[in-house]
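> Just dropping this structure here.
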Amino acid sequence: MRKLTDCRLRFSVLLLAALVVSTAFAWAQQSSSPIRFELKKIPFHLESSLSPAKNVPETMAGGVAVFDYNGDGRPDIFFTNGADIATLKKSSPKYFNRLFRNDGNGKFTDVTAQAGLQGTGFDVGVAVGDYDNDGSPDIFVAGVHGNTLYHNNGNSTFTDVTKKAGLDQANDPEYGPLWAVAAAWVDVNNDGLLDLFIVNYLQWTYSDQAKCVIENVPEYCHPRYYKGLPNQLFLNQGNGTFKDVSKEWGIRDHIGKGMGVGIADYDLDGKQDVFVTNDAEYAFLFHNLGSKFEEVAFQSNVALAEDAAFISGMGLDFRDVNNDGYPDIAYVALKSQTFPFYLNSQKGEFIEATASSGMRAASLTMTGFGPALYDFDNDGWKDLFVTRGSVTSVWPPGYKFAEPNTVFRNEGANGKWHALTSEAGFTDATAARHRGCALGDFDGDGRIDIVATSLEKDAELWMNRTPGAGHWLEFALHGVKSNRDGIGARIKVETKSGLQYNHQTSSVCYASSSLGPVHFGLGADTKAAHVEIIWPSGIVQTLENVDADRIVTVTEPAPTAAPAH
């Protein structure tokens, strides 16, 4: 880690000089070895059914998930895909969703047909979680006027259980057909069962004529031309079914144009909170009171970004960035809108640090769709990867719609971001209209890799080749009283270099999901002296002297019995 020991006054001048020289040498080494990725291809082509009429869903596809669907210890990849825009049906195999099995030798095999995951509608987002606690992760697919829940049968196949589960509610009696962009699995009431939060976008219907035209050129309409939708919350009943409690829990009262969702316990009260980005509307922060949510975005200073103007909030990540134990917020938006970054004040509100962290200047010329906070160089500080690419396709003339991705390196204790694009391998030759992203260690080398999608192009598999990356630890959580995935568990890791924190969530980036071991970079440290896990159940578990460079499987202990009276 890049934490320097405080110099004490009694140090001699000679020792202080030696320290300065040593530090300068270490920094020079780090600067010459930035985070780097190598592009590999995977045979998936995102089909969004582009049409002359410029129907809005065409530009919003691209969710992807990384998770171990068959329990072999290797992360696999699932892609959502579009459909015929007029019928919202997958009228050709080119529109099929795709599942790729990780064979462990740098190769992936398309197992979609065997798994039964081709899909039927225009699918956008995906959320992965084991909703029935049977040890096999299930898949929820969010789509245009229709969602799907796939139950993992534990034998490498899936069954569509949408109707059986009570999630076939795509036509709202008040708002009409619902268009879901994203979703997140979260145990909102800490009963050990994963509930489902669905983010809905716009009230939209198909047209064969362009709704918006600029100087005789058809273009995708700004969100202001559409009415918004409420989000939804479904409580897990524990018998394979879900109950819509959106109204009772205070979710339905808030109409937005939702694009992203992040889950974290931002005030550390033991209850999971929800942040939702909206497209050209106020953001939502739903504070969990235990039996309902209160919307507190304005009180918490996250409703609007620093210019106090509506921006096109896209995807987000909701994690502790500065290693103080409190989750922070990073999300992305369009060119000239910046990528807002909020630090948790530890007092129930947030302090915007977009400008002070260097993010404003670095991101002002970029359009982002999906951010992800992971430690890519394993130095103990989470970096920020962003998929980039425009919404529009033809206007204004000369505008660059395709963009390469970028990783912002976290410079640690100074609180600054350093943008790496071509230096990280994201050259102009890889520019595209990027959308979703999901993350995992595909080759088992302890460095986090990335899979990203882009409209009308093949998916990108970015293998992490960062030279001189530090040591690492990952924790594969198995809940017992808590949900099986341990979603919501908070982990503190203490090494010689200091403390760092992370929590288990599968909601990340734009319309995407990453469910795997919780990752920590350890820098030069070869072990964690102390690890503390606070499970959603409230059970606190500790581990001592944990050796680095491995995945540690941790099973939640049984609750301690109360003493007899």
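> Can you name the residue in the stretch 196-212 that is closer than 20 Å to Glu281 by Cβ and modelled with pLDDT under 95 and is also most open to solvent (accessible area, probe 1.4 Å) among such residues? Break it down stepwise before answering.
Pass one, the stretch 196-212, residues closer than 20 Å to Glu281 by Cβ: 197-204, 211-212.
Filter again for modelled with pLDDT under 95, leaving 211-212.
Details: Lys211: 123, Cys212: 18 Å².
Among those residues, the one meeting the criterion is Lys211.
> Could you tell me which of the residues Leu178, Leu193, Leu149, Leu235 is in contact (Cβ under 8 Å) with a residue 40 or more places away in the chain, of a type outside the set (Gly, Ala, Ser) and open to solvent by less than 20 Å² (accessible area, probe 1.4 Å)? Spell out how you get there, then give the answer.
Numbers: Leu193 fails: open to solvent by less than 20 Å² (accessible area, probe 1.4 Å); Leu149 fails: in contact (Cβ under 8 Å) with a residue 40 or more places away in the chain; Leu235 fails: open to solvent by less than 20 Å² (accessible area, probe 1.4 Å).
Answer to the check: Leu178.
> Let me ask something else about it. Consider Ala413 against the criteria (1) open to solvent by 10 Å² or more (accessible area, probe 1.4 Å); (2) out of contact with any strand residue (DSSP E or B) (no Cβ under 6 Å at 6 or more places or on another chain); (3) assigned to a loop (DSSP other than H, G, I, E, B): it satisfies all of them except one. Which criterion is unmet?
(3)
> Could you please find all residues in the stretch 101-119 being touching a residue at least 40 places away in the same chain (Cβ under 8 Å) and open to solvent by less than 20 Å² (accessible area, probe 1.4 Å)?
Selection gives Asn102, Val111, Ala115, Leu117.
> Hey, another quick one. Please verify whether the stretch 164-175 includes one or more residues that are within 22 Å of Tyr69 (Cα to Cα), surrounded by fewer than 24 Cβ atoms within 10 Å (Cβ to Cβ), of a type outside the set (A, V, I, L, M) and out of contact with any Cys (no Cβ under 6 Å at 6 or more places or on another chain). Spell out how you get there, then give the answer.
As a first pass, look at the stretch 164-175 and keep what is within 22 Å of Tyr69 (Cα to Cα): 164-165, 167.
Narrowing further to those that are surrounded by fewer than 24 Cβ atoms within 10 Å (Cβ to Cβ): 164-165, 167.
The next check asks that each one be of a type outside the set (A, V, I, L, M); those that pass are 164.
Retained after the next criterion (residues that are out of contact with any Cys (no Cβ under 6 Å at 6 or more places or on another chain)): 164.
Yes, there is a match, as at least one residue in the stretch 164-175 is within 22 Å of Tyr69 (Cα to Cα), surrounded by fewer than 24 Cβ atoms within 10 Å (Cβ to Cβ), of a type outside the set (A, V, I, L, M) and out of contact with any Cys (no Cβ under 6 Å at 6 or more places or on another chain).
> Got a sec? Which of Gln337, Gln346 is polar (S, T, N, Q) and under 16 Å from Gln500 (Cα atoms)? Show your work before the answer.
Details: Gln337 fails: under 16 Å from Gln500 (Cα atoms).
Result of the check over Gln337, Gln346: Gln346.
> Kindly indicate whether any position in the stretch 504-514 is of a type outside the set (Ser, Thr, Tyr) and either over 25 Å from Tyr131 (Cα atoms) or touching a Lys or Arg at 6+ places or on another chain (Cβ under 6 Å) (or both). Explain how you work it out, then say what you get.
Here is the first cut: in the stretch 504-514, the residues of a type outside the set (Ser, Thr, Tyr) are 504, 508-509, 511.
Those left that are additionally either over 25 Å from Tyr131 (Cα atoms) or touching a Lys or Arg at 6+ places or on another chain (Cβ under 6 Å) (or both): none.
So far as the stretch 504-514 goes, no, none of its residues is of a type outside the set (Ser, Thr, Tyr) and either over 25 Å from Tyr131 (Cα atoms) or touching a Lys or Arg at 6+ places or on another chain (Cβ under 6 Å) (or both).
> Conditions: (1) open to solvent by 20 Å² or more (accessible area, probe 1.4 Å); (2) free of Cβ contacts under 8 Å to residues at least 40 places away in the same chain; (3) within 19 Å of the chain's Cα centre (by Cα). Ala333 meets all but one. Number of the miss?
Ala333 satisfies every listed condition except (1).
> Of the conditions (1) within 27 Å of Ala469 (Cβ to Cβ); (2) at pLDDT 95 or above; (3) in a strand (DSSP E or B); (4) open to solvent by 10 Å² or more (accessible area, probe 1.4 Å), Arg74 fails just one. Which one is it?
Status for Arg74: all satisfied but (3).
> Among (1) farther than 21 Å from Ala170 by Cα; (2) not in a loop (DSSP other than H, G, I, E, B), there is one condition Pro57 misses while meeting the rest; what is its number?
(1)
> Can I ask one more? Could you tell me whether any residue of the stretch 239-255 is open to solvent by 50 Å² or more (accessible area, probe 1.4 Å), part of a loop (DSSP other than H, G, I, E, B), at pLDDT 95 or above and among the basic types (Lys, Arg)?
Restricting attention to the stretch 239-255, the residues satisfying the condition of being open to solvent by 50 Å² or more (accessible area, probe 1.4 Å) are 239, 243-244, 247-248, 252-255.
Next, only the ones that are part of a loop (DSSP other than H, G, I, E, B) stay: 239, 247-248, 252-254.
Then drop every residue that is not at pLDDT 95 or above, which leaves 239, 247-248, 252-254.
Those left that are additionally among the basic types (Lys, Arg): 247, 252.
Yes - at least one qualifying residue is present in the stretch 239-255.
> Could you list, in sequence order, the residues of the stretch 416-440 that are crowded, with 18+ Cβ neighbours inside 10 Å and in a strand (DSSP E or B)?
Correct list: Trp417, Ala419, Leu420, Ala432, His434, Arg435, Gly436, Cys437, Ala438, Leu439, Gly440.
The values are calculated or read from the model by the stated rules, or taken from the named source; none is laboratory data. All figures in this text were calculated on a predicted structure; none of them were measured in a lab. Glycine gets a Cβ as well: all are built from the backbone with ideal geometry, and neighbour counts include every protein chain shown. In case anyone asks, the SASA skips ligands and DNA or RNA and just uses the protein heavy atoms, side chains included. Shrake-Rupley method; radii C 1.70, N 1.55, O 1.52, S 1.80 Å.
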